[in-house]
Amino acid sequence: MFDSGDRFRSFSQLRKLYAADNDGLARALAVAIIFGVVSYLSIAYTQNVDGIATVWPANGITLAAVILAKRPWRRHQILFLCFIANIIANIFAHRELATNIGFALTNTLETYVAFRLINFKESKPSEFRSLRFLMSFSIAAMASSAIAAIAAAFIAAATYEAVTLHVFTSWFFADLLGLLTVTPAIVRLRLARTTPSSTASSWETCALFTALAMTMVLVVGLPERYLAFLIMPVLVLIACRLGPNATSAATLLMSAAVLACTALGLQSGQQVSELAVLTDVQMTQLLILTAFLTVMPLAETIDSQSRLQERLSAEIALRDGLNDHLQTQEQAISEQKAELEKMHNRLKEAIEILPEGIVILDADNRYVAWNKKYAQIYHRAIDTIVVGGSLEEAVRIGLERQMYPEAFGREEAWLAERLKNLRTPALPHEQLLDDGRCYLIEECRTSEGGLISLRIDITEMKQREASIRLLFENNPLPMFVVSRDQMAILAVNNAAASHYGYTRRDFSRLSLREIQSGDLILPLESNVQHIGQTDEPQSFKHYRRDGRSMEVEVYVRPLVHEGRDALLIAAIDVTERRKADRKAAYMARHDALTSLPNRHLLAERMQLAMARAKRGDRMALLLLDLDNFKVVNDTLGHAAGDELLQVMADRLTKTLRETDTVARLGGDEFAVLIVDLDHPSSATKLAERLISILSEPVRIGTKDVICGGSVGIAMAPDHSCDPIELFRLADLALYAAKEDQRGTYRLFERELDAKVKARNLLETEVRDAINNNEFEIHYQPIFCVQTMRAVGAEALLRWRHPRLGLASPADFIPIAEEIGMIADLGAKVLRQACKEAMAWPDQTSVSVNVSAIELEAESFVDTVKTALAESGLPSHRLIIEVTESTIMKDVQLATHILRQVCDLGVEIAMDDFGTGYSSLSSLTKVPFQKIKIDRSFVRDLAISMEARAILSTIVELARTLGMRTTAEGVETAEQFEIVKDYGCTLAQGFLFQKAQPSDVIREILRAEPDTRQNAA
């Protein structure tokens, strides 16, 4: 019962195993309980007339458990516990103690002997398959049952009475039935999941087992013995249809049926004649044994045949599969042979069309194959190139025919060297032939010892190398060839020797590191064939022999120099270019005249300062504008202006701290960036100091010039932390300072920004109004002083603003000029005035004011022509009014344009005479027909004799020049009388009529003169 590996374990080790194997102990205890219950039921309810159980299944249960146990100590536990359970069952069955213990020992002995005999005959006692195993098991069961029956007979004789032959055979048959029917059934059912299931349906299985149970009841319960023959057909059907496992279960069912019938008292009478050897119960037992020993071999035989048939079918299928596989392999081999043949042909074709010559030799350096190019290369020795021919012999014949110029005069040495390379191919080598072609030979041995040799035509490459060598020597740029590993200088050109001051001999003793600061950036690969060129230049400092340094840009290319990995380096001296670049970079960030930072550098420093301002630091930006710089520039010249700017820049720089920045923005504008301000008042104090410094006299040549300046201040983070916004706010403050009073400063206030925004809004509205034709033309009539008849009207532009109401030209004309739309607006007014004047009386005229910007436009004359042509208005009815200041901006241009207008027949009038430059020469140069006296003179006529004297002078001047005069702004009768008395020809003003819309003015011009007004 011990395995070979466990045979020599000590008792202490086995005890530990028993204690540790809780699962085995639990199973052994379960087996013992089942054993005890079955034993008690067999003793108590299934005894025959001899007091012996019909079938003893308990030993079969114990033997099945021992067979299924995998460990020897579990078998010990099962036997021991079943022994105890047997004693307990016997106690409950009221047996004497000695008999009790004796019978328990016989049962344990029976199980132990049966297992040992099975284990002795079979290596795997739990299989229960094959006839051989069934025979071994049957023999073991008979032997152990016989030994147990003999032992029980001795115990019975020793304890209470002698045993008869009927009792002995009953014991033997009961134990044998228990082992043969119970043990195989339990083991087979336990291992049923590892064996194939039968093909019979479930209803067929139930029907067969039901028939067997009913037959057993009939056989056991009825006295007719011939009924026993009914069992065999059922068992045979079960064996044939359901297999060995079901057959074992069937024999177990037969024993169970016997037990059940015995327990229920359904057995036929048990009386036998004295001559009878076996009782009816024993006959039943013998019947079951016979059925088991007959049917079970049949079932095993059928099962073996089924397995054999399956194995044969599998082997046949395997053989068929192998045949198919062999056929597939043969087909694949044939296809592979065909493919190899194709590949061989393609390889031959590919070798044949290669532009390089290729030859294949065997291990003895004899020709195997070659291509057309190889034959062409050695065409003078083509008779030696045959399959099996020796390459060495071909080379010798080539030497005799003088095919190798390099071998002239040293034929034997050259041949020895060539044969050495042939035997042990190493690095590629070159070969020059007598036709002038040069070939690179690359050779390698194959695994079989053969040789593959390649001839690459490098004639053109050698010619290029010669050209490159010539280019290298004569290149104007310094060029070096250095070794890749040590950076040793291997060669230099003439330019390098001349530029660096070293001789070629000196260079040969130097490395690149000795004349260069820093290492080259090289590709990582060491194989020259894979090195990529470095397209980007690398910057270094190089040193001449006299120690002077120069900045160079080097370009690196890989090459092979005399068989070594090397680098070709071209060095470009960029010293002067770098100086120029640095100077250009400086000039890009500094003012050329004053060397102060310019607007770009100021913006960079403002960005840094704004970052600090966002963290809470205070800084200020001051914008400065020189007040009288234009006067100095115009009177003393631009050189004086430049000198003044330099002096002012120097003063500002000396006044500020090193951490502050003063920059020139252009013209006479400067900016000062102050950082680390402790208080806002510090910025205003600095502004006062700067204004004081700028106001100090400056000596320019022999004159002292006082310039002065205005300052605008914006602070961060108080006003803004955005550089562009802060600059804008400081510019607003500067503009306000110049508007208020020159020579002062203004700190930015939110009201300034509001004014600018309002101005910007008004600019947008003016632009929209011009585009949308929102302007209206009102006309103020002009009267003849003598007749009081309306002779014309002046076109005055009005704008009905949604917020401001009816706006006068003074509110929007300057804005239209600033935004560059005055020309469009003037052209629209001119066209509309001409069209509306066509509805007036023929003797009336329309006057239109023209600004300087309109007059300077090249298209002004065309605009006048277009307005007259579109409206049909006669040219003599149109009067163009221009101011003195408009003419004086460019007298020559204005005169030229106005003469063209006058040539059209249009009348020219000088508006606001006496308020501008009052240049009398303009009256003679420009073809004026009328002078309009400014309202400022007319307003003071009643109270000022000076005004009357000016009026008299203007009227007399106009009369002398043959011009008419118009008095503007006549508001009282007294003013009108004075104007009339002094000889003015025309008058206009509120005394007569305010400016009216076109429909109203049309009626006024058509009306008869007012005699009452004339009388006044």
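The values are calculated or read from the model by the stated rules, or taken from the named source; none is laboratory data. Since the structure is predicted, the reported quantities are computational estimates derived from the model, not experimental observations. Note: ideal-geometry Cβ built from the backbone for every residue, glycine included; neighbour counts use all protein chains shown. Note: areas computed on protein heavy atoms with side chains; ligands, DNA, RNA excluded. Shrake-Rupley method; radii C 1.70, N 1.55, O 1.52, S 1.80 Å.
Per residue, the accessible area of region 591-748 comes to 47 Å² when a 1.4 Å probe rolls over the protein heavy atoms. At an R0 of 25 angstrom, the distance between the Cβ atoms of Ile452 and Glu417 translates into a FRET efficiency of 0.75.
Modelled this way, with points 7 Å down the Cα-to-C-beta line, the labels at Glu315 and Thr659 are 10.6 nm from one another.
Electrostatic bookkeeping for Ala148 treats Lys and Arg as +1 and Asp and Glu as -1; over the other residues with beta carbon under 13 Å from its beta carbon, the sum is -2.
Which pairs, out of Lys865/Lys925; Lys630/Lys703; Lys685/Lys738; Lys932/Lys980; Lys828/Lys865, put more than 20 Å between their alpha-carbon atoms? As for pairs spanning more than 20 Å Cα to Cα, those are Lys865/Lys925. Treating each Cα of region 293-424 as an identical point scatterer and summing with the Debye formula, the log10 of I(q)/I(0) at q = 0.14, 0.20 Å⁻¹ comes to -0.81, -1.17. Packing, taken as the mean count of other beta carbons within 10 Å per residue, orders the peptides 131-141, 102-112, 649-659 from highest to lowest as 102-112, 131-141, 649-659.
Directionally averaged projected area (region 430-471, Cα convex hull): 3.7 nm².
Spatially, region 661-703 and region 65-97 are offset by 120 Å when compared through their Cα centroids.
Geometric descriptor of region 591-748, per residue, is 96 Å³ (volume of the convex hull of the Cα atoms).
Put the Cα centre of region 782-850 next to the Cα centre of region 573-650 and the gap is 48 Å. When you filter the chymotrypsin sites (Phe, Trp or Tyr not before Pro) in region 939-1016 for DSSP loop state and at most 14 other Cβ atoms inside 10 Å of their Cβ, you are left with Phe990.
Heavy-atom accessible area for Ser334, with the other protein chains in place and a 1.4 Å probe, reaches approximately 70 Å². When you filter the GluC sites (Glu not before Pro) in region 797-880 for DSSP loop state and at most 15 other Cβ atoms inside 10 Å of their Cβ, you are left with Glu858. Based on the reciprocal of the average 1/r between different C-alpha atoms, the Kirkwood radius for region 403-446 equals 11.2 Å.
Give the residues of region 485-504 whose amide nitrogen is closer than 12 Å to a point set 7 Å from the Cα of Gln538 in the direction of its Cβ. Those under the cut-off are 485, 487. Taking the average, over residues, of other Cβ atoms within 10 Å as the packing measure, peptides 712-722, 383-393 rank 712-722, 383-393 from highest down. Taking the alpha carbon gyration tensor of region 354-463, multiplying each eigenvalue by 5 and rooting it gives semi-axes of 19, 16, 15 Å, largest first. Under the combined filter of DSSP loop state and at most 14 neighbouring Cβ atoms within 10 Å, region 461-507 retains none of its chymotrypsin sites (Phe, Trp or Tyr not before Pro).
Over all directions, the average projected area of the alpha-carbon convex hull for region 473-579 comes to how many nm²? Over every viewing direction, the Cα hull of region 473-579 projects on average to 6.7 nm².
Length available on full extension from Ser936 to Arg1006: 0.36 nm per residue minus the Cα-Cα distance, which gives 22.2 nm.
Considering only protein heavy atoms and a probe of 1.4 Å, how much of the accessible area of region 761-1006 is carbon and sulfur, as a whole percent? Using a 1.4 Å probe with all protein chains present, region 761-1006 comes out at 50 percent carbon and sulfur.
Shape summary: region 753-850 maps onto an equivalent ellipsoid whose semi-axes, from the alpha-carbon gyration tensor, are 31, 14, 11 Å in decreasing order.
At each listed q (0.08, 0.16 Å⁻¹), what is the log10 of I(q)/I(0) that the Debye formula gives for region 761-1006 modelled as equal alpha-carbon point scatterers? Here the Debye-derived log intensity ratios amount to -0.29, -1.26. The slack between Ile150 and Arg798, meaning 0.36 nm per residue of separation minus the straight C-alpha distance, is 218.3 nm.
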